[in-house]
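Accompanying notes for the structure given below.
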Amino acid sequence: MGYVLRVRLASFFTGAATASFLGLYILYKDYKVAHESIAQQVKRLHEPLDRRISALESLKQGETSQHVEATE
């Protein structure tokens, strides 16, 4: 009777460990997909903002060069 109980407990814990590993692996993959999705969304939001900032900086540089020429 003791041998059968040990085999059943070993099988149970082996199954529990396998299920835990599989669950953690699925959660890890889900986390990676969600992270990639959020990173792409942020990148799409930053690209237009970077273009606007560059345009404003170029306008500001043009204005400062005109003021320098006017003062000389």
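If the segment from LEU22 to LEU56 were pulled out straight at 0.36 nm per residue, it would be longer than the present Cα-Cα gap by 7.1 nm. Seen against the Cα atoms of the chain and their longest principal axis, helix 2-71 is set at about 0 degrees.
By accessible area, using a 1.4 Å probe on protein heavy atoms only, the chain has 65% of its surface on carbon and sulfur.
With Rg and Dmax of the Cα atoms in Å in mind, check [x] 15.4, 45; [y] 12.3, 37; [z] 30.8, 103 and report the label derived from this structure. Looking at Rg and Dmax of the Cα atoms in Å for this model, the match is [z]. Seen from GLY23, the other residues with C-beta closer than 14 Å to its C-beta sum to a net charge of 0, counting Lys and Arg as +1 and Asp and Glu as -1. The residues packed around LYS43, meaning those with a beta-carbon under 15 Å from its beta-carbon, carry a net charge of -1 if Lys and Arg are +1 and Asp and Glu are -1. Per residue, the accessible area of the chain comes to 97 Å², computed with a 1.4 Å probe over protein heavy atoms only.
Report summary: the helix-based calculation at 222 nm, which adds -39500 (n - 2.57) for every DSSP H run with n ≥ 4 and divides by the residues of the chain, gives -37000 deg cm²/dmol.
The values are calculated or read from the model by the stated rules, or taken from the named source; none is laboratory data. In this text, all values refer to a predicted model and were calculated from it rather than measured experimentally. Glycine also receives a Cβ, built like all others from the backbone with ideal geometry; neighbour counts cover every protein chain displayed. Heavy atoms of the whole protein, side chains included, go into the accessibility calculation; ligands, DNA and RNA do not. Shrake-Rupley method; radii C 1.70, N 1.55, O 1.52, S 1.80 Å.
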